[in-house]
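Each value in this text was obtained by applying a stated rule to the coordinates, not by laboratory testing. These numbers come from a predicted model, not from an experiment. No Cβ is skipped: glycine too gets one built from the backbone with ideal geometry, and neighbour counts run over all protein chains shown.
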Amino acid sequence: MYPLLLFESATAATRAKRALLTVGISATQRKITGKGGCRYTLLLDARDLYTATAELRRQQVAFEIQSHGE
Amino acid sequence: MGNKLLYFDHAATSYPKSPKVLAALTDCIKHKGGNPGRSGHALSLSAQEVLYDARCAVCTLTRTDRPEQVVFTQSATYALNMAICCLAEKGAHILISDREHNAVYRPVSRLCREGKVTCSVFRAGDVGDFLQKVTPATTLAVMTHVSNVSGEALPLRKLGRLCRERGIRLILDASQSAGHLPLSPEQIGADVLCAPGHKALGGIQGVGFAVFSPTLPPLPEFISGGSGSYSLLPEMPAVLPDRLEAGTPPTPAIAALCAGIEEMLQQDPAVRESRLSALTARAREMLAETPGITFYGEGGCGILSFNLAGAPSELVAARLAEEGVCVRGGFHCAPLAHAALQTGENGCVRLSFGERNTEAELERFYRIFRRLYREGAFCGQG
């Protein structure tokens, strides 16, 4: 299971991707379908989850966390 | 023909575009041609990166830090219409200056005709007149940063402060100032800043933007359609930029705008503007020798407007055009400004310089102008 971060928009996902790069985390951007329709996500390595969420909160990027069975 | 042209119409659109801008444009079309924010494949994601880079460039330009608050539109006119319609509450009284372009005057007039708002016009530069026209119902002010006719800047620090003190939302039209003057909506006190991409920012036609303050309440929908997100909802997503960006954006034009802004930000603004001011001052000095000439305003942001006694402005522009000189006559889509400047039924001739114009080009222009004047080419026809 991999952690998946969900964002409100493609812009927010790109912003998050760039923010994570500044702390050395490389995330894969994915588009998924779910409640409400299409959403943009970042797929992370599980060991990066804590650092990633801390950085996104610090940069005030809103997100939700899901797990992904890939 | 291209090499012989003297292009002094940069307030309408900048020309020619820089090699970097053209390279960014073609690179985007060739290599980043997906639809941004719509799909998950590499081309779509790379187009999304283009948009994000451009939002960041606009943030740097406007000294803001929220890329998602940057909404791309097809033009500054579209951005202004959107901002006005989103912020004009029913029953509101709106204040606009007497230098506004039709991009402000017409949407506000339409809202007035529809009975949704009322509007007053204040004299640009006259803070007392502004204050006198504020009523308890005034909730919105819309004003240009720099007049597209006279080049004069409005006292926005003062006006912005007065708006903020009175709880009046402020929409700033930075069409002529973006790329010339420092832009900081926060310092000015503007809730929305709108600008085109193709004038002094050096991009191509087809893109403009609005920067919305994060302190604004939730915005209504303006135009509805696909956003690539929350597709099952019957309404636009609640968050910016998706809420206000319906339909496929002009990604190549946005890439070109980003390159234009980045190129501009690498220059020293003081050097660039002092060169432009010197060119404008020199043009004024040359033209001032012409009998019967009237200038409008002091000229700023490379704009110099004038009339010759007895010479229709469109005729002057047409005669110059026949000689390969590109200037603009008429009313410049700004009837309020022309009324305030008392240009009458003639409008005026506007020269507007860009960063690539040279003194040698100006000398050549003046030789052509003097010859046409001596030949009487500007007179006798309407």
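Charge dipole of the protein assembly as shown (Cα centre as origin; +1 on each Lys and Arg Cβ, -1 on each Asp and Glu Cβ, all else neutral): 200 debye, rounded to the nearest 20. Averaged over peptide A:2-15, the number of partner chain Cβ atoms lying within 10 Å of each residue's Cβ comes to 6. Annotation: peptides B:207-213, A:23-29, ranked by per-residue average of other Cβ atoms within 10 Å with the highest first, follow the order B:207-213, A:23-29.
Applying the Karplus relation 6.51 cos²θ - 1.76 cosθ + 1.60 with θ = phi - 60° to segment B:101-109 yields 3J(HN,Hα) values of 6, 4, 5, 9, 4, 5, x, 5, 4 Hz, where x marks Gly and Pro. Across segment B:281-294, computed HN-Hα scalar couplings (Karplus, 6.51 cos²θ - 1.76 cosθ + 1.60, θ = phi - 60°) run 5, 5, 5, 5, 4, 5, 5, 4, 6, 7, x, x, 8, 10 Hz from first to last residue, x flagging Gly and Pro. Inter-chain neighbour count for A:29-39: the average number of beta-carbon atoms from partner chains within 10 Å of each residue's beta-carbon is 5. For chain A, the C-alpha radius of gyration divided by 2.2 N^0.38 Å, with N the number of residues, is 0.98.
Shielding by partners for peptide A:56-65, expressed as the average number of C-beta atoms from other protein chains within 10 Å of each residue's C-beta, is 1.
Think of segment B:16-139 as having a plus end and a minus end, set by charges on the Cβ of Lys, Arg, Asp and Glu; of B:P16, B:A76, B:V127, B:P16 sits farthest toward the positive end of this dipole.
Counting only other residues whose beta carbon sits under 12 Å from that of B:A259, what net charge do I get with K and R as +1, D and E as -1? That works out to -2. Each Lys and Arg contributes +1 and each Asp and Glu -1, all at the Cβ; summed about the Cα centre of chain B, the dipole is approximately 260 debye.
The tail of the calculated P(r) for segment B:98-200 beyond 22 Å holds 25 percent of all Cα-Cα pairs. For segment B:20-155, the gyration tensor built on C-alpha atoms gives a prolate shape. Its axis ratio a/c (a ≥ b ≥ c) is at least 1.5, and a/b is the larger of a/b and b/c.
Look at where the Cα atoms of segment B:87-125 and of chain A average out, and the two centres are 43 Å apart. Projecting the Cα atoms of B:S224, A:A19, B:N102 onto the dipole axis of the protein assembly as shown, where Lys and Arg carry +1 and Asp and Glu carry -1 at the beta carbon, places B:S224 farthest toward the positive end. Within the shell of other residues whose beta carbon sits under 13 angstrom from the beta carbon of B:S44, the net charge comes to +3, with Lys and Arg scored +1 and Asp and Glu -1. The orientation-averaged projected area of the convex hull spanned by the Cα atoms of segment B:57-128 comes to 6.2 nm².
Helical content of chain B, expressed as a calculated mean residue ellipticity at 222 nm, amounts to -12000 deg cm²/dmol (DSSP H runs of 4 or more residues, -39,500 (n - 2.57) each, divided by residue number, nearest 500). Considering only B:G197, B:F212, B:A153, and ranking their Cα positions along the charge dipole of segment B:95-215 that arises from unit charges at the beta-carbon of Lys, Arg, Asp and Glu, the one farthest toward the positive end is B:F212.
Per the Kirkwood formula applied to alpha carbons, the protein assembly as shown shows a radius of gyration over Rh ratio, Rg over Rh, of 1.02. Only lysine pairs 8 or more places apart, or on different chains, with alpha-carbon atoms under 25 angstrom apart are counted in chain B, and they number 15. In a Debye calculation with equal point scatterers on the alpha-carbon sites of chain B and no solvent, what is log10 I(q)/I(0) at q = 0.06, 0.13 Å⁻¹? Normalising to I(0) and taking log10 leaves -0.24, -1.07. What net charge do the residues around B:G34 carry, taking every other residue with its C-beta under 14 Å from that of B:G34, with Lys and Arg at +1 and Asp and Glu at -1? Summing Lys/Arg as +1 and Asp/Glu as -1 gives +2. When only the Cβ of Lys, Arg, Asp and Glu is charged (+1, +1, -1, -1), the dipole of segment B:156-230 relative to its Cα centre reaches about 320 debye.
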